[in-house]
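Trainee: Let me begin by handing over the structure; questions about it come next.
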Amino acid sequence: MRPATLFVVQPTSGVPIYRQLMDQVLALRSSGRLPEGALLPSVRQVAEELQINAMTVSKAWSLLERDGVVELQRGHGMRITAPQAGGTLRQRLAELHPLLEHLAARAHQLALPRQDVLDALAALLPSTKDKP
Amino acid sequence: MNPPIVMRQVSKSFGTKTVLDTCDFELRAGSVTGLLGVNGAGKTTLLRTAIGLARPDTGTATVLGEPAWNLSAAAKARIGYVPQTPGLIGWLNVRDHLAYVGAFQPRWDAAFAEDLRTKWDLPPDTKCAKLSPGEAQRMALVLALAHRPELLVLDEPAASLDPIARKQFMAAVVEVAAAGTTILLSTHLCADLERVADRVAVLQRGRIVRDAGIDELKERVKRVRVAVDAPLPKDLGLSGILSRRDLDGGSVLMVDGDPETYAKTSARLLQAGATVAIDELGLEEIATELLQ
C-alpha cells in the first residue's frame, strides 16, 4: 500500500479536511498501523494522491507536530512519536469518547431503543480478534 | 509577501447596471482563493478588472504591485489567465498552437509546455476545434501556465465540463497550486472549491462580503437545531445568528459564531430543557446561507 493511500477525505463534509487528516493519523497511530518511527507521507504525496490543496495537508501535519504526535526529522520528514504513557487500550478509548458522546446524544434525540443502537454499532465493528 | 491583487473602492457599471460597487478585495499571496457568487454577481467583471482587462470607473486595482490598467509587459508576463471560454484558434493543431502563443511570450518555457501537454493527454496533431470541452479547457490552462506565472486567474474554468473532465482539470489545478502559484478562480460549484481552495471570497451585490479560510468557515458556520416544548425565548444568547426559523416545537438557526462557544450554548440550552443538535455543514450549505 502506498503510504498516501492510508488516508481518505470527504471534501464536502462539514469537518474541515485538515481535521479529517489529523483524526486519521491519530487513529492510525493508536491502532499501531503507523507505529513509532514510521514516516508520514510527504505533504506533496498526500496532496497529489487525494487531489487536495497542499496547504491543507501542511496545516494538518504542522498541527500534529504541535500536538507532539509527529516530530520533524530533518531530511526525512515527519516521524510518528510514541503514544504517551498511559496509552494502550484506555487511551485509545479516550480518543473515541467524543464520538461516542455524540452518538449517544443523537440516539437519545432520535428516541432509539438502547439495544438497537448497540446492535447497529456492533454490526459496523469488525468481528476479528483485535490486539488488546 | 504582498497581496498579488489589491482592489480599493472599485466601482464599475455597464450602462445603468452597477456591477462592482466600491468593492474592496485583497488576494492573499500563495493562496488558492475561490470567488463565489450567484450567476450575474459580477465575478467575471471583478476578475477582469483585477488584472487590467477592464478599467474601473472609480477606485484602484493593483496587480503584482502595479496599476492593473497600466501594466508593464514584465508584469503581464507574470500573470496567467484562463477565460470562461478557452478562445482557442480552431484551425491550429495543439502543437502549432503552443508554438504560436509561445512566440509572443518572453518567459515561455517550451519544454514545460510539452510536459504539461503530455501529462494532460493533449494529442499534438489534433486541430483545436476538434478537442473535447475538457481537452480545450486543459489546453487553455497549458497556454496560461507555460510562462510559469506567479498569479493564475481562472474564470469558471470547469463550468462546462462533465464530472470526469472536471476532476481531471481540478487535479491539474492542484498541481499548479502545489508548485506555489497564487490562484484566484471564480465558480458557482462549491464541490470544486472544497478540494482545491483554501479560501473563499463571496461576491454579493458588487462587493466582497466575506473573505475567509474554508476551514475557518466550516468551524464557525453551523446549523443549530433546537427542539423544545415551551416556546423559545427570542434571545437565545447566541451571537452571529445569520437566520432563524421558528417552527412548531423548536427553531432552526444558522449561526456564524466562535467555534469555542458552541459547546457552551448547547449545554445551556440542554439545561433549559431543550434538545439541541449542532450540524457541521459543507461549503455548499454555508455558501447558500452567506449568499442569501
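Results for (1) in contact (Cβ under 8 Å) with a residue 40 or more places away in the chain; (2) closer than 15 Å to B:L131 by Cβ, shown as yes or no for each residue.
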{"site": "B:A77", "(1), (2)": "yes, no"}
{"site": "B:L88", "(1), (2)": "yes, yes"}
{"site": "B:L92", "(1), (2)": "no, yes"}
{"site": "B:Y100", "(1), (2)": "no, no"}
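Trainee: Look at A:A47 and say whether it is open to solvent by 10 Å² or more (accessible area, probe 1.4 Å) and either assigned to a helix (DSSP H, G or I) or at pLDDT 90 or above (or both). Before you say what the answer is, go through the steps one by one.
Mentor: Working: open to solvent by 10 Å² or more (accessible area, probe 1.4 Å): no; either assigned to a helix (DSSP H, G or I) or at pLDDT 90 or above (or both): yes.
In short, no.
Trainee: Checking B:K167 against (1) open to solvent by 50 Å² or more (accessible area, probe 1.4 Å); (2) assigned to a loop (DSSP other than H, G, I, E, B), which test does it fail?
Mentor: (2)
Trainee: Something else: Here's a check for you: in segment B:5-22, which residue that is out of contact with any Gly (no Cβ under 6 Å at 6 or more places or on another chain) and open to solvent by less than 10 Å² (accessible area, probe 1.4 Å) is farthest from the other protein chains (Cβ to nearest Cβ)?
Mentor: Filtering first and then ranking leaves B:M7.
Trainee: May I ask you to verify whether B:G52 is in a loop (DSSP other than H, G, I, E, B), of a type outside the set (F, W, Y) and surrounded by fewer than 15 Cβ atoms within 10 Å (Cβ to Cβ)?
Mentor: Numbers: in a loop (DSSP other than H, G, I, E, B): yes; of a type outside the set (F, W, Y): yes; surrounded by fewer than 15 Cβ atoms within 10 Å (Cβ to Cβ): no.
So B:G52 fails the test.
Trainee: Of the residues in segment B:208-223, how many are within 14 Å of chain A (Cβ to nearest Cβ) and either at positive phi or open to solvent by 20 Å² or more (accessible area, probe 1.4 Å) (or both)? Step through it out loud before you land on a result.
Mentor: Taking segment B:208-223 as the starting set, the residues that turn out to be within 14 Å of chain A (Cβ to nearest Cβ) are B:212-223.
Then keep just the ones that are either at positive phi or open to solvent by 20 Å² or more (accessible area, probe 1.4 Å) (or both); that gives B:215-216, B:219-220, B:222-223.
Residues flagged as within 14 Å of chain A (Cβ to nearest Cβ) and either at positive phi or open to solvent by 20 Å² or more (accessible area, probe 1.4 Å) (or both) within segment B:208-223 amount to 6.
Trainee: Is at least one residue of segment A:5-14 away from chain B (no Cβ under 14 Å), surrounded by fewer than 20 Cβ atoms within 10 Å (Cβ to Cβ) and farther than 17 Å from A:L72 by Cα? Step through it out loud before you land on a result.
Mentor: As a first pass, look at segment A:5-14 and keep what is away from chain B (no Cβ under 14 Å): A:5-6.
Still in the running and surrounded by fewer than 20 Cβ atoms within 10 Å (Cβ to Cβ): A:5-6.
Restricting the remaining residues to those that are farther than 17 Å from A:L72 by Cα gives A:5-6.
Yes: segment A:5-14 contains one or more residues that are away from chain B (no Cβ under 14 Å), surrounded by fewer than 20 Cβ atoms within 10 Å (Cβ to Cβ) and farther than 17 Å from A:L72 by Cα.
Trainee: In the list B:R205, B:R268, B:R195, which residue meets the criterion of being more than 13 Å from chain A (Cβ to nearest Cβ), under 28 Å from B:V6 (Cβ atoms) and open to solvent by 60 Å² or more (accessible area, probe 1.4 Å)? Give the derivation first.
Mentor: Details: B:R268 fails: under 28 Å from B:V6 (Cβ atoms); B:R195 fails: more than 13 Å from chain A (Cβ to nearest Cβ).
Residue meeting the stated conditions: B:R205.
Trainee: Here's another thing I want to ask about it. Considering segment B:109-148 alone, what residues qualify as being outside any helix (DSSP H, G or I) and either of a type in the set (S, T, N, Q) or open to solvent by less than 10 Å² (accessible area, probe 1.4 Å) (or both)? Walk me through it before giving the result.
Mentor: Keep residues of segment B:109-148 that are outside any helix (DSSP H, G or I), which gives B:109, B:120-127, B:131-132, B:146-148.
B:L122, B:T126, B:S132, B:A146, B:H147 - these are the residues of segment B:109-148 that are outside any helix (DSSP H, G or I) and either of a type in the set (S, T, N, Q) or open to solvent by less than 10 Å² (accessible area, probe 1.4 Å) (or both).
Trainee: Pairs needed: first member in segment B:31-42, within 14 Å of another protein chain (Cβ to nearest Cβ) and within 14 Å of B:L184 (Cβ to Cβ); second member anywhere, of a type in the set (D, E) and open to solvent by 10 Å² or more (accessible area, probe 1.4 Å); C-beta distance under 7 Å; at least 6 residues apart or different chains.
Mentor: From segment B:31-42, the pairs are B:S31/B:D198; B:V32/B:D198.
Trainee: A further question on this structure: State all residues of segment B:172-196 that are closer than 24 Å to A:G14 by Cβ and in a helix (DSSP H, G or I); if no residue qualifies, say none.
Mentor: If the condition is that a residue be closer than 24 Å to A:G14 by Cβ and in a helix (DSSP H, G or I), then B:V173, B:V174, B:A177, B:C190, B:A191, B:D192, B:L193, B:E194, B:R195, B:V196 are the ones that fit.
Trainee: Filter segment A:51-66 down to the residues that are open to solvent by less than 70 Å² (accessible area, probe 1.4 Å) and either at the interface with another protein chain (Cβ under 8 Å from one of its Cβ atoms) or not in a helix (DSSP H, G or I) (or both) and list them by number. Steps first, please.
Mentor: Step one: filter segment A:51-66 for residues open to solvent by less than 70 Å² (accessible area, probe 1.4 Å), giving A:51-54, A:56-58, A:60-64.
Selection gives A:Q51, A:I52, A:N53, A:A54, A:T56.
Trainee: A further question follows. Could you tell me which residue of segment B:243-265 is surrounded by the fewest Cβ atoms within 10 Å (Cβ to Cβ), considering only residues that are more than 11 Å from chain A (Cβ to nearest Cβ) and in a loop (DSSP other than H, G, I, E, B)?
Mentor: B:D248
Trainee: Output the residues belonging to segment B:129-188 that are acidic (D, E) and in contact with a strand residue (DSSP E or B) (Cβ under 9 Å, 6 or more places away or on another chain).
Mentor: Initial filter on segment B:129-188 (acidic (D, E)): B:135, B:150, B:155-156, B:162, B:175.
Selection gives B:E150, B:D155, B:E156.
The values are calculated or read from the model by the stated rules, or taken from the named source; none is laboratory data. The structure displayed is predicted, hence computed values, not measured ones. All Cβ positions, even for glycine, are placed from backbone atoms using ideal geometry, and neighbour counts span all protein chains on display. The area values use the complete protein model at the heavy-atom level, side chains included, leaving out ligands, DNA and RNA. Shrake-Rupley method; radii C 1.70, N 1.55, O 1.52, S 1.80 Å.
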